[in-house]
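Student: Take this structure first; my questions come after.
Values quoted throughout were computed directly from the atomic coordinates according to the rules given, and no laboratory measurement underlies them. Computed from a prediction, not measured in an experiment: that's the story for all the values here. Using ideal geometry, Cβ is built from the backbone for each residue, glycine included, and neighbour counts are taken over all protein chains shown.
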Amino acid sequence: MLDRATASISRYLALRPESGRGYFLKAEHARLTAPEGRRSSTARQAYERAVELAPDDPDAVRELGLLYYGDGEVARATVLLQKYLSLVPDAADRNLIQRYLDGRGSTE
């Protein structure tokens, strides 16, 4: 099924190269399949492109924020995680994200 997912995401991006959601899906696929997970260069580049193309996509904003946080880029992470909470005020993971913002979160 992973090969099928890869092919589907590639086809989607070929048809819609400016789709933030397409890049988010590419990043998620890399996060779930690469040994480095979220920290793979493919995931990072795809999350960054997703947020660039769709800056109000809460899923992409959250994941890129968590990636930056895990990489020690706290200032960049803070901006994105605060934006995520503003995009989804009633987020189910609000308390967890707030812990990251308060400096009490884990890096993984």
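Student: Please list, ordered by chain and number, the residues whose modelled amide H lies under 5 Å from the amide H of Ala91; skip anything fewer than 5 residues away on the same chain.
Tutor: Long-range HN contacts for Ala91: none found.
Student: Quick one: Karplus J couplings for the range 90-96, per residue in order, coefficients 6.51, -1.76, 1.60, θ = phi - 60°, nearest Hz, x for Gly and Pro?
Tutor: Values per residue, Gly and Pro as x: 9, 4, 4, 9, 3, 5, 5 Hz.
Student: Once you've got the GNM for the chain with C-alpha springs shorter than 10 Å, pick whichever of Glu28, Glu18, Glu63 has the biggest mean-square fluctuation.
Tutor: Looking only at Glu28, Glu18, Glu63, the largest GNM fluctuation is found for Glu18.
Student: What is the angle, in °, between the Cα long axis of helix 41-53 and the longest principal axis of the Cα atoms in the chain? Nearest 10 is fine, range 0 to 90.
Tutor: The answer is roughly 80 degrees.
Student: Pulled fully out, how much extra length does the chain show between Asp71 and Ser10, if you take 0.36 nm times their separation in residues and subtract their Cα-Cα distance?
Tutor: Gain on extension, Asp71 to Ser10, equals 19.2 nm.
Student: Could you compute the net charge surrounding Ala5? Neighbours are other residues with a C-beta less than 15 Å from the C-beta of Ala5; K and R count +1, D and E count -1.
Tutor: Neighbour charge sum, excluding Ala5 itself: +3.
Student: Which of the listed residues, Ala92, Thr6, Tyr69, is farthest toward the dipole's positive end in the chain, when Lys, Arg count +1 and Asp, Glu count -1 at the beta-carbon?
Tutor: Sorting the options by dipole projection puts first Thr6.
Student: Next question. Using θ = phi - 60° and the Karplus curve 6.51 cos²θ - 1.76 cosθ + 1.60, what whole-Hz ³J(HN,Hα) does each residue of the range 55-66 get, with Gly and Pro shown as x?
Tutor: Per-residue couplings from phi come out as x, 10, 7, x, 5, 5, 4, 4, 5, 5, x, 5 Hz.
Student: Apply the Karplus curve 6.51 cos²θ - 1.76 cosθ + 1.60, θ = phi - 60°, to the phi angles in the range 7-16 and return the couplings in whole Hz, x for Gly and Pro.
Tutor: So the Karplus estimates, Gly and Pro as x, are 5, 5, 5, 4, 4, 4, 5, 5, 7, 9 Hz.
Student: Just to confirm the number: angle between the C-alpha axis of helix 20-33 and the first principal axis of the chain, 0 to 90 degrees, nearest 10?
Tutor: That helix lies at roughly 90 degrees to the long axis.
Student: Moving on. State, in angstrom, two size descriptors of the chain derived from its alpha carbons: Rg to one decimal place and Dmax to the nearest whole number.
Tutor: Both quantities, over Cα of the chain: 13.9, 42 Å.
Student: A further question follows. Just how large is the dipole of the chain about the Cα centre, in debye to the nearest 20, putting +1 at every Lys and Arg Cβ and -1 at every Asp and Glu Cβ?
Tutor: The calculation lands at about 160 debye.
Student: Quote the FRET efficiency, to the nearest 0.05, computed for Asp93 versus Ser41 with a Förster distance R0 of 35 Å and r equal to the Cβ-Cβ distance.
Tutor: FRET efficiency, Asp93 to Ser41: 0.85.
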